[in-house]
Structure formats: structure tokens, C-alpha cells
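Since the structure comes first, as C-alpha cells, the remarks are kept for the end.
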Amino acid sequence: PRYRPDWASLDARPLPAWFDRAKVGVFVHWGVFSVPAWGSEWFWWHWQGQHDAAYERFVRRRFPPGTTYADFAPQFTAHDFQPRQWAQLFKQAGARYVVLTTKHHEGFTNWGSPVSWNWNSVDTGPHRDLVGELGEALRESNLRYGLYHSLMEWFNPLYLADKQSGFKTQSFVLKKTMPELYDLVLKYKPDLIWSDGDWEAPDSYWNSTSFLAWLYNDSPVKDTVVVNDRWGRGCSCHHGGFYNCADKYRPGTLPDHKWEMCSSLDKFSWGYRSAMSLAEVMDEMSMIEELVQTVSLGGNYLLNVGPTKEGVIAPIFQERLLALGRWLDTNGEAIYESQPWRVQMENTTDTVWYTSKGPVVFAIFLLWPRDGDLHLSSPIPSPGTQVTLLGYGGTLKWQKSPGKGMLITLPYMLPSPLPPQSGWAVKLEGVK
């Protein structure tokens, strides 16, 4: 059936299965904001939209008088950008898909957009098609490719004129937003479109439903493409493909719709900050906790890094991504292609979370029990129940709990002055 350009029809489209199976993705925020590399990727807005004194002071101290935001573009060089190295890192991190910013709210495009003259990565700065190069490398590594795209641009005169008219005119959408979206889809055939920058205007201004109807009916990716929910004021958490709802969204209970949690390794920014300190980077334990809780509640986990203006992913970000990958090498069976179980977390604690695959149940525990016994009150064991610890050979002893559930004897761990890594998964076969 063909989809109509209205939400009732578009929302009924089944989500392509690859997305739910994938579970883990890497988000990349990269653009001209990586040049000042200070505050956040909203640098231009804070500096010249809000005239924030700290940003004005920063520019006065670091740059020549009369500097404009456009002057940063030539310094966005991507000199050290090696797309194959990025792809290899993301694959080792256990990601199944990668989402790159093709254009943030600053309007600078990371490909040679035909309607962004001189404000794109081919005409200025890197003089390279960053979107195309990364896409090629990811596909060689068998990773799905997602494109982040901001519908709006803070200071685009066409957008400001439409805004002035109360969004009764659509010059910006017809001359800029839509031509770019169609161009991205036809040129790069993305697996995912991660829309953003929609909140100031309704979806009727953005022409979102007619674009999505074309995407689902006639585009080269009509059967495989997945989209999020940011398509106009009030759409978030209600319309589109999977739901983001809000940045770093945590539903708390199992939602009835496929969703994704996007989170950033730098706790204060999505773009690169040169002054970032170690304490401001998410640690390994928090990262694994977020992943486990998200997947247990049926979500996907999209973890963000902000590369430098030269195209380097900071070693501390690489270290975290590789730690995530090592954890997934051992415990991925409990994550990839899993489904939420009838219970998502142990009622007594938020340190034990469940996932399932058919009749098999996984209990992922974030803290190693002091006495070495793991008490699970939710699973109902049977005489034939078998328990194994992922990454550990052999089966584990267990007994029925006096109350309800089961008591599992974990293998002996050598005492260590360092707290062990976070998160282990027991696989339960033959439980209800």
C-alpha cells in the first residue's frame, strides 16, 4: 500500500526490523562549531543569538577583532580525518549503526549541498565530502549509516523571514530544507534520518508528511530507511518512526513504542570541547548502565562523540568506545536482537535488568554481590533450569529461594583493590 502524506498513514508503517535488532549506535557531532571548540555545539547561538557575555569574552580573547562565525569555516580542516579508522573504531565499539551530523543548526553542510553555496565542506574548510567519505567507509565495514539533519538554521535570512511571518511563508523550506533532504537521500541512500531543529514551527510548515510519504513510497531506501520523531512542533514522542522524545530520555517504564536514547560521552556537550576535563567524561560504568537500562526497556542506545576540527576522535573517547566494545564482546548475546522480558528490572533493586530471546532470559547485574550469591526474585525456575554466566565456561549452581525466585552461586572472583568492570549477564534457560 502507498502511504498518504498524513500522520495516520505514515505512523502505521512498520519499523524496518534492522533497527530494533541493532540496539547500539554511535552519534557524531562535527561541524564549524568544532573550531572554537568551547561551550557547546550551540556556540554561534550563545555568542550572537543570545550575546552571552562569556562567549563574547572568549571570542575577544582568542580571535582577532571583527571575527565572524563564518571566519571559523576555513579552520575546519579535517586534515587528520581518516574515515576507515573511524569505521574500524565504531565497529570495535560494538556499534551496528552510526549517525553523522550532515548539518547542524548553524547551516554548514558536511557535503557539497547545491543550495548552500560556499557554506559547505566541499567549497570551504576541508574541501571534502565528509558525508560521502564516512558513508563509504562504514558500508565497507558493514555498518548502517544514519544522517542527522537539522531542519532549521538559526541565522538563515530565509528562515528568519519565514519566522517573522509566523511561518505563513515557506521560502526557507522550499529553497533550502527540502532540496537538501532530497539530495541527501538520493546521493547517500541513508539507512536512517535523524531529524532535529523542528521545534519552532509545525510540521505543516516543514512539509514533513509529504517528504516522509515520498521517502516511504518512492525513494531508493523506501523499504529500509528508519526515521525519528522530530518533524515539527508537537511531533516528538507522537509521530514519525522511532521516538527520541528528548535528549538523554529515560522512560522509567517499558514504553509501547520503539524508542532510542541518545547520550553523550562528554556530559556537557555534543560537539568537541578543547577544555573538557576527565571528570566531565562519562565513565565506563555509567555507559554500561545506560546501555543495559535502555535495552531492557526496549530502546536503542546511541552514544555520541564530538571529533576535533582536524577530524580526530579524542583518545579518551576512543578508550570509552573500546571499553564498550569489549563489554559487548562478552555480553552482546544479552543485548543484540534481544526483546524486553515480562519484567524489566528486579523489583527490589535497579541493579538487575532483564532481556530475553525467545524462551531464554538474561539477567544483567550491574554490581557483583558481596557474598557471591545472586538472588533473582522474578524468574520462576523449573527442575530443568540451566544457568550460565556469559564469558565464563561451565554451568552455575542454583537453588530455589525460600521466598520466590532463585539463588545463583556465582564463580569465585579473586579479590582486587580495583572495583571490577561493571555489568555481567547470566543466561537462564528453562525459566518462566
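Give me the compactness ratio for the range 110-251, meaning the Cα radius of gyration over 2.2 N^0.38 Å.
So the range 110-251 has a normalised radius of gyration of 1.06.
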Here the residues of the range 194-221 lying in the modelled label zone of Asp11, meaning backbone nitrogen under 15 Å from a point 7 Å along Cα-to-Cβ, are 203-204, 209
One quarter of the convex hull surface, Cα atoms only: what value does that give for the range 78-150 in nm²? 4.8
For the cross-link pairs Lys23/Lys427; Lys168/Lys222; Lys357/Lys397; Lys23/Lys248; Lys103/Lys163, which exceed 25 Å when the distance is taken from alpha carbon to alpha carbon? Lys168/Lys222
Quick check: at a probe of 1.4 Å, how many percent of the accessible area of the range 7-334 sits on carbon and sulfur atoms? 52
Note the per residue figure in Å³ for the convex hull of the C-alpha positions in the range 236-367. 130
Between Asp123 and Gln164, take the C-beta separation as r, use R0 = 25 Å, and let me know the FRET efficiency to the nearest 0.05. 0.30
As an exercise, identify the chymotrypsin sites (Phe, Trp or Tyr not before Pro) in the range 80-151 lying in DSSP coil whose Cβ has no more than 14 other Cβ atoms within 10 Å. Trp117
Which value, in Å² and to the nearest 10, is the accessible area of Asp71 when all protein chains are kept and the probe is 1.4 Å? 80
Sum of -39500 (n - 2.57) over DSSP H runs of 4+, divided by residues of the chain (222 nm, nearest 500): -7000 deg cm²/dmol
What is the spread of the Cα atoms of the chain along each of their three principal axes, largest first, in whole Å? 72, 55, 39
Which whole-number percent gives the relative contact order of the chain, counting Cα pairs below 8 Å spaced six or more residues apart? 17
Taking the mean number of other Cβ atoms within 10 Å as a proxy for protection, how do you rank 312-323, 395-406 from highest to lowest? 312-323, 395-406
Space enclosed by the convex hull of the alpha-carbon atoms of the range 339-431, per residue, Å³: 105
Here, Ala275 and Ser210, labelled 7 Å along Cα→Cβ, have an inter-label distance in nm of 4.6
Qualifying trypsin sites (Lys or Arg not before Pro) for the range 160-198 [loop in DSSP, other Cβ within 10 Å: at most 11]: Lys168
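The values are calculated or read from the model by the stated rules, or taken from the named source; none is laboratory data. Source: prediction; values computed, not measured. Neighbour counts are summed over all protein chains in view; Cβ atoms, including those assigned to glycine, are modelled from backbone coordinates with ideal geometry. Side chains included, ligands, DNA and RNA excluded: accessible areas come from the protein's heavy atoms. Shrake-Rupley method; radii C 1.70, N 1.55, O 1.52, S 1.80 Å.
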